[in-house]
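The values are calculated or read from the model by the stated rules, or taken from the named source; none is laboratory data. Values in this document were obtained by computation on a predicted structure and should not be read as measured data. Because the Cβ atoms are built from the backbone with ideal geometry, glycine has one as well, and the counts that use them run over all protein chains shown.
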Amino acid sequence: MITTRERHRNILDFALSSLGRRAGRNLSLLTMYCLLIFVLASLLFFVSALKREAARLLEDAPDLVVQRLVAGRQDLIPENYGAGIAAIRGVAHVEPRLWGYYFDSWNGANYTVIASDKPTVKDGIAAIGSGVARSRKIHAGELFPLRSPGTEPLLLEVGAIFPGTSDLMAADLIILTPSDFHTLFNFPQGKFTDLAVTVTNRKELPMVAAKIAALYADSRPILKSEIQRTYQSIFDWRGGMILLVLLSAVLSFIIFAWDRATGLSAEERKEIGILKSIGWDTSDVLLLKFWEGCAISLPAFLCGVIAAYCHVFFFSAPFFSPVLKGWSILYPQFQLVPVVDISQLLVLFFFTVVPYITATIIPNWRTATMDPDAAMRS
């Protein structure tokens, strides 16, 4: 008496030998299948890892950022706004911030410039990101000239270069003193770029934001949660744009797989007719085709996912990074922390493996229900 396990094993052996007789055709299908899974899984892994890194970096963001709007555009905020906001009940601290962007005509890159009054930052000395150092080909201790509105350029000494592990946040960053910041941009005294507000009870953030908006009609309070959602939406949007570009390739594979599954050759029909004539049941034939579909789709899925994992987390996804990282000139070089969302893999499995196996079984079921003599003659 043959057990169920032995029955499945025997049918699987026969399915593998049947696939081997059409090795060229099945190998081309397996290659295309694997490539499709690789591209889609790479996109899922890369977007998820970037969203996780962005969320981790934004954990240290201020609870509330207050900007001033003039004619719908961000403008400089006066110093007295900080005093008024600090007097609101529930506000623990208000920090005026000086930051802006510097366009480097030498290489066409935009740098993010931040003023810091920490004791480690001194006049005439700047800390720069590794991307800035690479683009300017400078090292620690060398002079770093920046063009200012005055007749003479602002000469800064490179005091430190941020390590490559911080590239996601600091690749294009320049940190200098408030005095050098005012000199570089001819920034007016008594005004700031925005205000970083710390609230004692985070549950009161919406209420504090409403009070700030009521106190200063030209202000725009931005909650930390809104900043986080914006970054998440940006990566989702960019990932969706890439997916739309790849949609033609996905549709081509679907058409190819459906044609492969539904267009049974005369040899395959004859094989099913012979199996039926020697005593195979319809369930046995369908089980055979099920294992054939699994023998193609499961290895393709596993190989594609493994290759995508290596592509993203070992080689930093060179195929997608220029689009998803978002820098125009200074591309950050960093190693993503591996993060795998099982639910996303299950969705990918459902939309790639299940349809193929289904498309493989249905046309074979039609042939398997025919008379064996008719199937062999057809």
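Out of contact with any strand residue (DSSP E or B) (no Cβ under 7 Å at 6 or more places or on another chain) and within 26 Å of E79 (Cα to Cα): is that true of F181 in this structure? Judged against the criteria, F181 is not a match. Out of curiosity, is F14 modelled with pLDDT of 80 or more and of a type in the set (F, W, Y)? It is false that F14 is modelled with pLDDT of 80 or more and of a type in the set (F, W, Y). Quick check, is A170 of a type in the set (G, A, S), under 20 Å from E95 (Cα atoms) and out of contact with any Lys or Arg (no Cβ under 7 Å at 6 or more places or on another chain)? Answer is no for this residue. Examine segment 61-70 for a residue that is modelled with pLDDT of 90 or more, among the basic types (K, R) and under 34 Å from the mean Cα position of the chain (by Cα), and state whether such a residue exists. Yes - at least one qualifying residue is present in segment 61-70.
I need the full set of residues from segment 88-127 which are without any contact (Cβ under 8 Å) to a residue 60 or more places away in the chain and within 26 Å of the chain's Cα centre (by Cα), in order please. Within segment 88-127, Y101 is the sole residue that qualifies. The residue that is nearest to P149 (Cα to Cα), counting only those in segment 103-124 that are outside any loop (DSSP other than H, G, I, E, B) and in contact with a Ser or Thr (Cβ under 8 Å, 6 or more places away or on another chain), is D104.
Consider R56 carefully, then state whether it is of a type in the set (D, E, K, R) and in a strand (DSSP E or B). Step through it out loud before you land on a result.
Values: of a type in the set (D, E, K, R): yes; in a strand (DSSP E or B): no.
In short, no.
Does segment 17-27 hold any residues that are assigned to a helix (DSSP H, G or I) and surrounded by 13 or more Cβ atoms within 10 Å (Cβ to Cβ), and which are they? Within segment 17-27, S18, L19, N26 qualify. For segment 295-314, the condition holds for no residue, the condition being that it is of a type in the set (A, V, I, L, M, F, W, C) and at pLDDT below 70.
Can L30 be described as surrounded by 12 or more Cβ atoms within 10 Å (Cβ to Cβ), outside the structural domain of M169 (by TED's automatic domain parsing) and at pLDDT below 80? Spelling it out, it is not the case that L30 is surrounded by 12 or more Cβ atoms within 10 Å (Cβ to Cβ), outside the structural domain of M169 (by TED's automatic domain parsing) and at pLDDT below 80. Please specify each residue of segment 130-155 satisfying the condition of being surrounded by fewer than 11 Cβ atoms within 10 Å (Cβ to Cβ) and charged (D, E, K, R). Selection gives K137, E152. Out of all the residues in segment 49-65, is one or more surrounded by 13 or more Cβ atoms within 10 Å (Cβ to Cβ), over 30 Å from P338 (Cβ atoms) and not hydrophobic (A, V, I, L, M, F, W, C)? Yes, there is a match, as at least one residue in segment 49-65 is surrounded by 13 or more Cβ atoms within 10 Å (Cβ to Cβ), over 30 Å from P338 (Cβ atoms) and not hydrophobic (A, V, I, L, M, F, W, C). For the criterion of being modelled with pLDDT of 90 or more and either closer than 30 Å to C34 by Cβ or outside any loop (DSSP other than H, G, I, E, B) (or both), D180 passes. Based on this model, can you work out whether L156 counts as part of a strand (DSSP E or B) and at pLDDT 85 or above? Answer is yes for this residue. Does V340 count as modelled with pLDDT under 85 and either under 15 Å from the mean Cα position of the chain (by Cα) or not assigned by TED's automatic domain parsing to the domain that holds C34 (or both)? The answer is yes for V340.
Which one is modelled with the lowest pLDDT, of the residues in segment 162-177 that are in contact with a helix residue (DSSP H, G or I) (Cβ under 9 Å, 6 or more places away or on another chain) and aliphatic (A, V, I, L, M)? Before you say what the answer is, go through the steps one by one.
First, pick out the residues of segment 162-177 that are in contact with a helix residue (DSSP H, G or I) (Cβ under 9 Å, 6 or more places away or on another chain): 162-164, 166-174, 176.
Next, from what is left, pick out any that are aliphatic (A, V, I, L, M): 168-171, 173-174, 176.
Numbers: L168: 68, M169: 74, A170: 77, A171: 81, L173: 90, I174: 94, L176: 94.
Looking at the filtered set, the residue picked out is L168.
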